[in-house]
Every structure is written in structure tokens, then in C-alpha cells.
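The structure under discussion appears below in the form of C-alpha cells.
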Amino acid sequence: MPTIEFPGTPAANGYSNVAVVGAGSRIVHTSGQVAVDADGKVPEGWEEQTRLVFQNLGAVLASAGAGWGDVVKLTYFVTGVDELPLVRRVRDEFVDVTQPPASSLVQVAGLFRPDLLIEIEAVAAIAS
């Protein structure tokens, strides 16, 4: 995934300002994934929830024939921003930190269950 960094904007810190999708690529949009396991249980704490969200997201991407190297954009919905460094550390276990996807983070008042702390959507581009 080619990325572009350009002068005149703040330096990207852990994300890319622009991710370029090549012509003919197949685009995959995921629904938001949350920290609910196969038994419907939600782990406690930011680290456990974030890791499960990334695991669930990886499974959804794989079902579409995509992997973490294909991800061009992540959108995070979080109930608090104090744990962003921890979220980023967990994210770094999954994405290529030398060429991270473009990202947006939105703080929300809550998610669809009160015990959920984070939800993440992905856009991937699978080269043809």
C-alpha cells in the first residue's frame, strides 16, 4: 500500500496521512468489530478488549480474502482516549508499523453494550 506524507501538515504519528489504492484492487469494508467472543462474553479492560477486537477484525478480513497487509484505513470508536497508547501498542501487534494504515479515532459516549470500550472498522484493498 503506497502512502503519501506531505509538507505543511503535522507529522503523522503512528498512522499514514494518505493510503493509495491501486487501480483494479478489490475493496473490502468491514462492519465495526467489538470485543465479543464466540460465547458472547466481553473481556474486562482495554488491553484484552482491544486485542479481541483486532483478532475478530482479522478473522473478518480473512473471510474476505484480505489480511493485515491489505488494510488501508482503520476507524476507531472509543469510549475514552486515555488508553490510546495501549490501543496503539496492541494495534502494532497486527499492522505493519513501518507503513501503518490511515486512521481516524472518534470518542463516543458509549457503544451498543455498556461493557464495550472500543469498536474498530477497517477498509482493505486486495491487489488484483
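Where a number appears in this text, it was derived from the coordinates with a stated rule and is not lab data. Everything quoted here is computed from the prediction, not taken from an experiment. Glycine gets a Cβ as well: all are built from the backbone with ideal geometry, and neighbour counts include every protein chain shown.
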Taking only C-alpha pairs under 8 Å that are 6+ residues apart, what is the relative contact order of the chain in percent?
39
Antiparallel %, DSSP beta bridges [both residues in the chain], to 5
70
Working from Cα positions, state the angle (0 to 90°, nearest 10) between the long axis of helix 46-63 and the longest principal axis of the chain.
50
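Please list the three semi-axes, largest first and in whole Å, of the ellipsoid equivalent to the stretch 22-73, using sqrt of 5 times the eigenvalues of its alpha carbon gyration tensor.
Values: eigenvalues 129, 23, 12 Å².
Gyration-tensor ellipsoid for the stretch 22-73: 25, 11, 8 Å.
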Rg/Rg_globular for the stretch 25-127, with Rg_globular taken as 2.2 N^0.38 Å and Rg from C-alpha atoms
1.01
Fluctuation leader among Phe94, Phe77, Phe112 - the chain, Gaussian network, Cα springs under 10 angstrom
Phe112
Let's test the formula: R0 of 25 Å, r as the Cβ-Cβ distance of Thr79 and Ala23. What FRET efficiency results, to the nearest 0.05?
0.05
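Dipole magnitude of the stretch 25-127 about its Cα centre, charges +1 at Lys/Arg Cβ and -1 at Asp/Glu Cβ only, in debye to the nearest 20? Please list the in-between numbers first.
Values: 8 positive and 14 negative charges, 71 e Å.
Using Cβ point charges on Lys, Arg, Asp and Glu, the stretch 25-127 gives about 340 debye.
Quick check: net charge around Asp37, other residues with Cβ under 14 Å of its Cβ, Lys/Arg +1 and Asp/Glu -1? The partial results should precede the final answer.
Values: positive: Lys41, Arg51, Arg113; negative: Asp39, Glu44, Glu48, Asp115.
After counting each charged neighbour, the total is -1.
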What residue among Thr98, Thr75, Thr30 shows peak mean-square fluctuation when the chain is described by a Gaussian network model with Cα springs under 10 Å?
Thr98
